[in-house]
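Asks: Before I ask anything, let me first share the structure, which is written out below as structure tokens.
The values are calculated or read from the model by the stated rules, or taken from the named source; none is laboratory data. Values in this document were obtained by computation on a predicted structure and should not be read as measured data. Cβ: placed from backbone, ideal geometry, glycine included. Neighbour counts: every protein chain shown.
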Ligand SMILES: Nc1ncnc2c1ncn2[C@@H]1O[C@H](COP(=O)(O)OP(=O)(O)OP(=O)(O)O)[C@@H](O)[C@H]1O
Ligand code: SF4
Ligand code: SF4
Ligand SMILES: [Mg+2]
């Protein structure tokens, strides 16, 4: 067959442990990439997906080695080639866009120069032709006015634009195969949707084959013709994109799809128990055995082989796939949220403004903050006891900033933060008494950074217990174990260090530490975005369970609208530090909504081939909020003229009690744009 | 699940941790060589007074500049003293003074660095300017000034050396603190309302300790070289106490016909410096610190 461009045959890659055992990262992988095809490789962290993608360009990471098999590109085995010959292929025939490629651009060289370098390296064009090619490439990745972009430095571009430049550089050698490793991870929701759309366009336009590696099935669903699902170093499912997403016949994929929150469904998705085994820990049987809902004794002792099912055009590694053939994804069960949110107010923000501006000497002396156009302005939110309120918005919209002020970590410029209807909380730590500090606890995005690597789990959870309740000895120990059990970790975790825990386990420890203080309010800053999807649902479920047990109030910050939909009772949408819309989540997710909410909702990537993102506004990044008028005027596609630029829009209430801040009357907003 | 143990460790005692680090260090050839040399020198420093074959200060004009022989293994010097005896004794003073000097350097450099990293802002700027200003003074001139004013006693040399070699540690400690302080676990501790002392002691020091210790070990070898230079110039150890720097300086002029008197102390000094250097490097690797990213000198 000539239309196969990359042939991976029985590929095994591994490393040697300190004890000398051979540990496999990839186990006997075989697959073909066809000409013009986009293949998505999906799997959680540690499943070997990046190792496989790198092997496809003949690269094996330091410390790993090829145990067997080959990667054939145009009938050359890349893994056996000399590095001099590989250089001729890499960048020219096979190009790669690594994660954060945009941020990896050399900061002190102009964009045009960097693309020119790539062209010199990977093509035989002369100077005139290269000059033409540069603007051609910039055009192709749809950067506005290529001539001026070429003269700019990377930091003068937004994250999405940087990523486009990275794509342009990868296309410099007109590759036959483009490898993309998490090319949109870390980008903003809206930017992500735009970059994916660009990739789709390029695949069609140039006929380049693409291998798209990601942990995000939502992104994979938007670009791939075919999907390979990896688990623990093996391919467990491979087939046409639509079939995999609509009828996942492997239990892992089935569970994975169920655990992803969807925009259309309110309530928490079902969680998958456990986590992926570490490489080298499986001895016999199916590697998915201890997380599988369809397993039997056979699975425990025998390893299933990848089996090609002709009528489904799918390969699956499971003994019991037949049980799943008839079950469709639609049977997603949702744990409905039953919140006993009371009418009692627990926290009230009124007219809160926060500024990062460097203060002038005079202001410093008088200990005041002056800034006409602060980062966050006029935030009014009334939070009820026991509810979960979510703050959503793109990166830089001020979500974390607001949380910091609530926690007392950042002084507000103006406004009041009131607790429990009558207690004013200072936004300055030093002015809060210990009890004020205890009642509000924080959980962070990245559990790697939020746990001290030099403390054991026991020491970590002991901190608030000692600090606030002065617990010691037996009682302390008892409380720690109690908390560990509440977050579904056993007693034997006490003496572990964070590096010995998986991401989900670390986040559970962070949750336990927050609850140890017996707080009234917990601030959750992107608490699931660093976790694997299969683990995310479990952490969300845990948070929900704890909240029901303790009556805690959550302020939940996230950029992921589907996650927000799943967990929150109320949503506040922020743009450039200004509120756009506040209301019950059911209503915010329905029309009518604020034009910015529409943009956000349109950009959500769902793991469904039938739901395409709707790109309403450009993915421009604005540095500062506008001085006057509506905060969203710069990107609004429904802007109605001067009034938006001059006057701050009024709050309007919909019938269901949803507040929208826009000059367009609610009735008008109701008319859908699409 | 046989291999499970790879990923699970138990909490270890300080002693167990230390022995594990030493084993890791010794598992590399360079680390093993470094450790062996260092241990050899330390043991030698302790036992040399008891095993020295001759009296180190016995002057005998009849034995001047004798070539190595069965009785005087490394020959004799210009005053007829046994070079072997003086060589094995010659590292004791240098080792002791620089060891305590390094401890002082670690202490003040580490603490000031952590302080600067913590407070940041203007205070940090000013302190680092001052430290930089000191860094730019040729240290040997400053040392000469100090010893000529205050003398060359141990009580002067240890703090003076400790002071000059602590400057580099300030930079490392400050950079390490800067890195740690931005982490969320510090924010989390602050938000809980822990005292500054508790945050420094529990959250920061455990995370910057390793980098500071490694830097201290490295400084030790430099300090040794510096101290020997002082001795060489006649400002370190005073005669007749045997000292490598001093011995090299005395025997230097006679090198063309009595090479033995100068080679032995040179080998002694350089092997100790190399030993400490290799050990410090292996120490850094065992702790997982990449020294190549650290600023030089
Ligand atoms: N320490 C700081 N000094 C100056 N400006 C800051 C600082 N921290 C944040 N900002 C600015 O304040 C604005 C709001 O930032 P914030 O971190 O609150 O956003 P966010 O909504 O949490 O974004 P993300 O989704 O990326 O976490 C941004 O424009 C950001 O650049
Ligand atoms: S083989 Fe058994 S354990 Fe493995 S996925 Fe299939 S049903 Fe589950
Ligand atoms: S006020 Fe104007 S600019 Fe702002 S969201 Fe409404 S229509 Fe758009
Ligand atoms: Mg944030």
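Asks: All but one of (1) within 16 Å of residue B:271 (Cβ to Cβ); (2) free of Cβ contacts under 8 Å to residues at least 40 places away in the same chain; (3) touching a helix residue (DSSP H, G or I) at 6+ places or on another chain (Cβ under 6 Å) hold for residue B:52; state the number of the condition that does not hold.
Replies: Every listed condition holds for residue B:52 apart from (1).
Asks: Please indicate, with yes or no, whether at least one residue in segment A:437-448 is over 30 Å from residue A:489 (Cβ atoms), in the same structural domain as residue A:543 (by TED's automatic domain parsing), buried (at least 19 other Cβ atoms within 10 Å of the Cβ) and within 16 Å of ligand 1 (Cβ to nearest atom).
Replies: No, segment A:437-448 has no match at all.
Every residue, every condition in (1) under 19 Å from the mean Cα position of the chain (by Cα); (2) assigned to a helix (DSSP H, G or I), yes or no:
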{"site": "B:80", "(1), (2)": "no, no"}
{"site": "B:86", "(1), (2)": "no, yes"}
{"site": "B:96", "(1), (2)": "yes, yes"}
{"site": "B:100", "(1), (2)": "yes, yes"}
{"site": "B:103", "(1), (2)": "yes, yes"}
{"site": "B:107", "(1), (2)": "yes, yes"}
{"site": "B:110", "(1), (2)": "yes, yes"}
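Asks: May I pose another question? Among the strands (runs of 3 or more DSSP E) confined wholly to segment A:550-641, which include 2 or more residues that are within 16 Å of ligand 1 (Cβ to nearest atom), under 20 Å from the mean Cα position of the chain (by Cα) and within 28 Å of residue A:200 (Cα to Cα)? Working first, answer last.
Replies: Details: elements: A:553-558, A:570-575, A:578-584.
By residue number, no strands (runs of 3 or more DSSP E) qualify.
Asks: Same structure again: Which one is farthest from ligand 4 (Cβ to nearest atom), of the residues in segment A:275-317 that are touching a residue at least 24 places away in the same chain (Cβ under 8 Å) and at positive phi?
Replies: Taking the candidates together, the pick is A:313.
Asks: Taking the condition outside the structural domain of residue A:235 (by TED's automatic domain parsing) and either within 27 Å of the chain's Cα centre (by Cα) or modelled with pLDDT of 90 or more (or both), does residue A:81 pass?
Replies: no
Asks: Would you say residue A:110 is modelled with pLDDT of 85 or more and surrounded by fewer than 15 Cβ atoms within 10 Å (Cβ to Cβ)? Talk me through it step by step, then tell me what you get.
Replies: Working: modelled with pLDDT of 85 or more: yes; surrounded by fewer than 15 Cβ atoms within 10 Å (Cβ to Cβ): no.
When the stated conditions are applied, residue A:110 does not pass them.
Each row is one residue, and each column tells you yes or no for (1) outside any loop (DSSP other than H, G, I, E, B); (2) closer than 23 Å to residue A:570 by Cα; (3) assigned by TED's automatic domain parsing to the domain that holds residue A:564; (4) within 12 Å of ligand 1 (Cβ to nearest atom).
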{"site": "A:391", "(1), (2), (3), (4)": "yes, yes, yes, yes"}
{"site": "A:395", "(1), (2), (3), (4)": "no, yes, yes, yes"}
{"site": "A:400", "(1), (2), (3), (4)": "yes, yes, yes, yes"}
{"site": "A:403", "(1), (2), (3), (4)": "yes, yes, yes, yes"}
{"site": "A:412", "(1), (2), (3), (4)": "no, no, yes, no"}
{"site": "A:415", "(1), (2), (3), (4)": "yes, yes, yes, no"}
{"site": "A:421", "(1), (2), (3), (4)": "no, yes, yes, no"}
{"site": "A:424", "(1), (2), (3), (4)": "yes, no, yes, no"}
{"site": "A:430", "(1), (2), (3), (4)": "yes, no, yes, no"}
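Asks: Something else now. Looking at A:249, A:337, can you tell me which residue is in a loop (DSSP other than H, G, I, E, B), at pLDDT below 80 and crowded, with 16+ Cβ neighbours inside 10 Å? Let's see the steps before the verdict.
Replies: On the way: A:249 fails: at pLDDT below 80.
Testing whether each residue is in a loop (DSSP other than H, G, I, E, B), at pLDDT below 80 and crowded, with 16+ Cβ neighbours inside 10 Å leaves just A:337.
Asks: For segment A:132-152, enumerate the residues that are out of contact with any helix residue (DSSP H, G or I) (no Cβ under 7 Å at 6 or more places or on another chain) and at pLDDT 85 or above.
Replies: Result: A:132, A:136.
Asks: Under 30 Å from residue A:369 (Cα atoms), in contact with a helix residue (DSSP H, G or I) (Cβ under 7 Å, 6 or more places away or on another chain) and within 14 Å of another protein chain (Cβ to nearest Cβ), is that true of residue A:425?
Replies: Working: under 30 Å from residue A:369 (Cα atoms): yes; in contact with a helix residue (DSSP H, G or I) (Cβ under 7 Å, 6 or more places away or on another chain): yes; within 14 Å of another protein chain (Cβ to nearest Cβ): yes.
Spelling it out, residue A:425 is indeed under 30 Å from residue A:369 (Cα atoms), in contact with a helix residue (DSSP H, G or I) (Cβ under 7 Å, 6 or more places away or on another chain) and within 14 Å of another protein chain (Cβ to nearest Cβ).
Asks: Let me ask something additional. Among the residues that make up segment A:463-472, is at least one of them buried (at least 18 other Cβ atoms within 10 Å of the Cβ), within 16 Å of ligand 1 (Cβ to nearest atom) and within 35 Å of the chain's Cα centre (by Cα)? So that I can check it myself, show each step before the final result.
Replies: Filtering segment A:463-472 for residues buried (at least 18 other Cβ atoms within 10 Å of the Cβ) gives A:463-465, A:467-468, A:471.
Next cut, within 16 Å of ligand 1 (Cβ to nearest atom) only: none.
The answer is no, given that none of the residues of segment A:463-472 is buried (at least 18 other Cβ atoms within 10 Å of the Cβ), within 16 Å of ligand 1 (Cβ to nearest atom) and within 35 Å of the chain's Cα centre (by Cα).
Asks: Give the residues of segment B:186-222 that are buried (at least 18 other Cβ atoms within 10 Å of the Cβ), within 7 Å of another protein chain (Cβ to nearest Cβ) and under 17 Å from residue B:17 (Cβ atoms), sorted by residue number.
Replies: B:207
Asks: Restricting to segment A:261-288, name every residue that is buried (at least 19 other Cβ atoms within 10 Å of the Cβ) and within 14 Å of chain B (Cβ to nearest Cβ).
Replies: A:275, A:276, A:277, A:279, A:280, A:282, A:287 - these are the residues of segment A:261-288 that are buried (at least 19 other Cβ atoms within 10 Å of the Cβ) and within 14 Å of chain B (Cβ to nearest Cβ).
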